[in-house]
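The values are calculated or read from the model by the stated rules, or taken from the named source; none is laboratory data. All values reported here derive from a predicted model rather than from experimental measurement. Note that each Cβ is placed from the backbone with ideal geometry, even for glycine, and that neighbours are counted across all protein chains shown. Ligands, DNA and RNA are excluded from the accessible area calculation, which covers all protein heavy atoms including side chains. Shrake-Rupley method; radii C 1.70, N 1.55, O 1.52, S 1.80 Å.
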Amino acid sequence: MVTRKPNVRERIMGQTKDLRSTSDVPDSEIENVPFRPRTAPGTMQALANAERRIAELQSQADKSSKVLVEKIYANPWQPRRQFAPAVMDELVASIRENGLLQPILLRPVPDQPGSYQIVAGERRWRAHKMLGIEHIEAKIVSLSDSDMAIHAMIENLHREGLTDYEVARQITRILNEFPSQSAAAEKIGISKSQMSRLVSYQKLPAFILTDLDQRPDLLGANAAQAVATAYAQNPEASDKHIEGLWIMLKQGEVDQAKLAPLLLDRVNRKVPVSTRRHVKTYYAAGTKAGDLRRDASNFIIRLKTTVLTEEKEKQINEFLDTLFPSP
């Protein structure tokens with residue numbers, strides 16, 4: 001089983017869970033502190049600023065009004081590729097029972113009178129569509145493209161962690177609004193090294209990005225950067241091996257952390273990668289007893305212990321001893 005790697009938000013929250021703002025540190029603790037204040041990374045401030053900005057927009061907006069659901073469109077900078085079905089089902093049930101508790105936030109679509117884009121509240125809007133409700137309570141605000149892009153990123157990082165790939169897709173679009181990666185990183189509240197890892201996705205082969213569009217949790221940013229670095233060393237030779245290894249990763253036969261080392265090994269040693277997977281299945285008394293599998297690295301025989309007698313296990317051991325005699 002492949003262990004899921006922590007995504008960007010989880011790593012940030014883990015690194016900052018025990019940190020406080022400098023304003024929360026009493027004077028009695030200020031003696032012998034490091035020269036640099038012990039504050040959380042910039043993302044914490046970015047999240048706070050985003051929440052404050054939304055609160056300001058809501059207070060500045062006119063009273064909420066009913067807007068046709070069909071005249072509303074998702075934020076074009078929305079980074080989220082997947083909305084958890086369980087979360088959506090819970091929200092749908094809540095709205096069906098209690099109605100909408102908080103209006104969503106919209107901005108007018110440029111050059112499309114009467115149409116709107118979502119600033120905040122896409123899941124609530126989706127829930128209304130699922131319920132077949134024609135109108136939704138909304139507040140209308142004015143917001144620039146760059147503010148829309150940044151807010152969509154930060155709101156999602158805050159409310160429910162995105163996968164690294166979803167963050168990377170959005171950052172690629174945000175970079176068009178800023179003069180440099182450093183400026184974008186500062187605005188979002190992540191480090192330059194995190195930014196570098198995230199933009200490395202764009203250096204991967206197109207077929208990997210196509211798969212990540214459908215399954216964004218397949219590859220974390222650390223692994224993506226490692227694979228992109230390994231691939232760049234010899235793209236022509238890597239092309240002969242990367243697809244087979246990627247298939248193995250999708251099938252759970254290779255951990256993502258091993259993808260880059262395996263690629264380098266195949267390229268440097270010029271070992272052909274087999275794409276053969278399942279070879280044969282064995283049955284006993286009409287039920288599956290085990291199987292034989294072969295991949296680029298291993299030849300695996302798996303048998304259920306319930307079908308093995310002492311005599312059969314002895315025969316297997318003796319056979320393997322003939323193939324691989326002990327020294």
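For the reader, a short list of remarks on this structure follows.
- In region 180-191, the qualifying residues are those that are surrounded by fewer than 15 Cβ atoms within 10 Å (Cβ to Cβ) and either assigned to a helix (DSSP H, G or I) or charged (D, E, K, R) (or both), and the one that is modelled with the highest pLDDT is Ser182.
- For region 79-100, the candidate set comprises residues that are of a type outside the set (A, V, I, L, M, F, W, C) and part of a helix (DSSP H, G or I); within that set, the residue that is surrounded by the most Cβ atoms within 10 Å (Cβ to Cβ) is Ser94.
- Scanning region 192-247 for residues that are over 13 Å from the mean Cα position of the chain (by Cα) and assigned to a loop (DSSP other than H, G, I, E, B) yields Leu204, Pro205, Asn234, Asp239, Lys240, His241.
- Among residues of region 139-179 being of a type in the set (A, V, I, L, M), open to solvent by less than 10 Å² (accessible area, probe 1.4 Å) and modelled with pLDDT of 70 or more, the one that is farthest from Pro108 (Cα to Cα) is Ala168.
- Scanning region 101-113 for residues that are open to solvent by 50 Å² or more (accessible area, probe 1.4 Å) and within 15 Å of Ile136 (Cβ to Cβ) gives Leu101, Gln102.
- Among the residues making up region 301-311, a single one is assigned to a helix (DSSP H, G or I) and open to solvent by less than 100 Å² (accessible area, probe 1.4 Å): Val307.
- Residues of region 114-136 that turn out to be among the small types (Gly, Ala, Ser) and either more than 17 Å from Gln78 (Cβ to Cβ) or open to solvent by 40 Å² or more (accessible area, probe 1.4 Å) (or both), as a count: 2
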